[in-house]
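*Asks:* Take this structure first; my questions come after.
Throughout, read-outs are computed from the coordinates displayed, never taken from laboratory work. The structure presented is a predicted model; accordingly, all values stated were derived computationally and were not measured. A quick note on method: Cβ atoms are made from the backbone with ideal geometry, for glycine too, and the neighbour counts reach across all protein chains shown.
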Amino acid sequence: MQRMKIYRSNLTRWMIVIIFAVAMAWVEAAVVYYLRTHVDRIEPYQSNPLPLIGGLGPVELAREFATLVMLFTVGVLAGRDWRSRLGYSAIAFGVWDIFYYLFLKVICDWPNSLLDWDILFLIPLPWWGPVLAPISIALLMILWGTLASQFERVPAPPLSNWRVWVLNSMGIALALYVFMADTIRVADQGVDAIRKVLPEQFNWPLFCVALALLAAPAVKLAAEQWRLRKPEVSAGAITTPENF
């Protein structure tokens, strides 16, 4: 009975986080639509993709940072320990990212396809990539977040999963490099050169390696869930850990 109550409580939290992320995605899509209409860049992949108009640059950077804070905050409020808090934050980010593109399509009929280039982020440098790339990461974040926040696992010693997180960190660094490779190449030429970068080719092989490394924690949790369902694992040995 107690386990059923915990399951229902977690499911309710999961649904509330998703509702929040979907609503926030509409707000994000609307704001981006207003901005891109103002600078005549509904489709960002065109000449001079980041025109410098008034004080929009610093304001947009602050807005992006505030968005990250909001997504992390909802995860902190939804979770009971740091593992589940990070899990809910990952769910919020993933759902927000996917529905952001879905709502942009509804609002302004863009993107035309999942392979359309987009400016994904501006911190610390502009990120470029096909829409499919961030959506792939978003799906992975939803998967890991759900496994981390909704399911039980066999207790493990602190820091026992450090190898998994090292692989994940390598994946993050590699993915960031792929997204920012073109802007990194011109970074020493100043802000004007960075704003006018138009990448011509996305490094899919390197991104796939990054995605595989990013998947390490989700694969680990999925494998643990598979083992928990084997008959030889006693029900008494299953508990909800605070380690991740």
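*Asks:* Assess whether Ala29 counts as being surrounded by 13 or more Cβ atoms within 10 Å (Cβ to Cβ) and in a helix (DSSP H, G or I). Outline the logic, then answer.
*Replies:* Values: surrounded by 13 or more Cβ atoms within 10 Å (Cβ to Cβ): yes; in a helix (DSSP H, G or I): yes.
Yes.
*Asks:* Looking for whichever is farther than 25 Å from Pro199 by Cβ and in contact with an Asp or Glu (Cβ under 7 Å, 6 or more places away or on another chain) here; the options are Arg8, Arg13, Arg83. Which one fits?
*Replies:* Arg83
*Asks:* On the basis of being touching an Asp or Glu at 6+ places or on another chain (Cβ under 7 Å) and under 20 Å from Arg36 (Cα atoms), does Val131 make the cut?
*Replies:* On the way: touching an Asp or Glu at 6+ places or on another chain (Cβ under 7 Å): yes; under 20 Å from Arg36 (Cα atoms): yes.
Yes; evaluated as a whole, the condition is true for this residue.
*Asks:* Can you spot a residue in the range 110-131 that is among the hydrophobic types (A, V, I, L, M, F, W, C), in a helix (DSSP H, G or I), in contact (Cβ under 8 Å) with a residue 24 or more places away in the chain and within 27 Å of Val197 (Cα to Cα)?
*Replies:* Our first condition is that a residue be among the hydrophobic types (A, V, I, L, M, F, W, C); within the range 110-131, this holds for 110, 114-115, 117, 119-123, 125, 127-128, 131.
Restricting the remaining residues to those that are in a helix (DSSP H, G or I) gives none.
Checking the range 110-131: not a single residue is among the hydrophobic types (A, V, I, L, M, F, W, C), in a helix (DSSP H, G or I), in contact (Cβ under 8 Å) with a residue 24 or more places away in the chain and within 27 Å of Val197 (Cα to Cα).
*Asks:* Out of (1) buried (at least 18 other Cβ atoms within 10 Å of the Cβ); (2) free of Cβ contacts under 8 Å to residues at least 60 places away in the same chain; (3) over 19 Å from the mean Cα position of the chain (by Cα), what's the single condition that is false for Arg163?
*Replies:* Tallying (1) buried (at least 18 other Cβ atoms within 10 Å of the Cβ); (2) free of Cβ contacts under 8 Å to residues at least 60 places away in the same chain; (3) over 19 Å from the mean Cα position of the chain (by Cα), Arg163 fails exactly one: (1).
*Asks:* Return the total of residues in the range 166-186 being β-branched (Val, Ile, Thr) and buried (at least 17 other Cβ atoms within 10 Å of the Cβ). Talk me through it step by step, then tell me what you get.
*Replies:* Keep residues of the range 166-186 that are β-branched (Val, Ile, Thr), which gives 166, 172, 178, 183-184, 186.
Add one more test, that the residue is buried (at least 17 other Cβ atoms within 10 Å of the Cβ), and what stays is 178, 183.
Summing the residues that are β-branched (Val, Ile, Thr) and buried (at least 17 other Cβ atoms within 10 Å of the Cβ) in the range 166-186 gives 2.
*Asks:* Follow-up. From the list Tyr100, Tyr34, Tyr45, Tyr7, pick out the single residue that is in a helix (DSSP H, G or I) and surrounded by 15 or more Cβ atoms within 10 Å (Cβ to Cβ).
*Replies:* Tyr100
*Asks:* Restricted to the range 69-82, and to residues that are in contact (Cβ under 8 Å) with a residue 40 or more places away in the chain and outside any loop (DSSP other than H, G, I, E, B), which residue is surrounded by the most Cβ atoms within 10 Å (Cβ to Cβ)?
*Replies:* Filtering the range 69-82 for residues that are in contact (Cβ under 8 Å) with a residue 40 or more places away in the chain and outside any loop (DSSP other than H, G, I, E, B), the one surrounded by the most Cβ atoms within 10 Å (Cβ to Cβ) comes out as Gly75.
*Asks:* State which residue pairs qualify: first residue within 18 Å of Thr183 (Cα to Cα) and inside the range 39-66, second residue surrounded by 11 or more Cβ atoms within 10 Å (Cβ to Cβ) and among the basic types (Lys, Arg) in any location, beta carbons under 6 Å apart, and separation of 6 or more residues or different chains.
*Replies:* If the second residue must be surrounded by 11 or more Cβ atoms within 10 Å (Cβ to Cβ) and among the basic types (Lys, Arg), the pairs left are Asn48/Lys196; Leu50/Arg195.
*Asks:* Yes or no: Arg13 surrounded by 15 or more Cβ atoms within 10 Å (Cβ to Cβ) and either within 22 Å of the chain's Cα centre (by Cα) or basic (Lys, Arg) (or both)?
*Replies:* yes
*Asks:* Sort through Ala66, Ala138, Ala92 and tell me the only one that's surrounded by fewer than 20 Cβ atoms within 10 Å (Cβ to Cβ), in a helix (DSSP H, G or I) and small (Gly, Ala, Ser).
*Replies:* Sole residue among the options that is surrounded by fewer than 20 Cβ atoms within 10 Å (Cβ to Cβ), in a helix (DSSP H, G or I) and small (Gly, Ala, Ser): Ala66.
*Asks:* In the range 76-99, which residues are under 13 Å from the mean Cα position of the chain (by Cα) and not aromatic (Phe, Trp, Tyr)?
*Replies:* Leu86, Gly87, Ser89, Ala90, Ile91, Ala92, Gly94, Val95, Asp97, Ile98
*Asks:* Give me the residue from the range 187-213 that is crowded, with 16+ Cβ neighbours inside 10 Å and in a loop (DSSP other than H, G, I, E, B) and, out of that set, farthest from the chain's Cα centre (by Cα).
*Replies:* Restricting to residues being crowded, with 16+ Cβ neighbours inside 10 Å and in a loop (DSSP other than H, G, I, E, B), the top hit is Val197.
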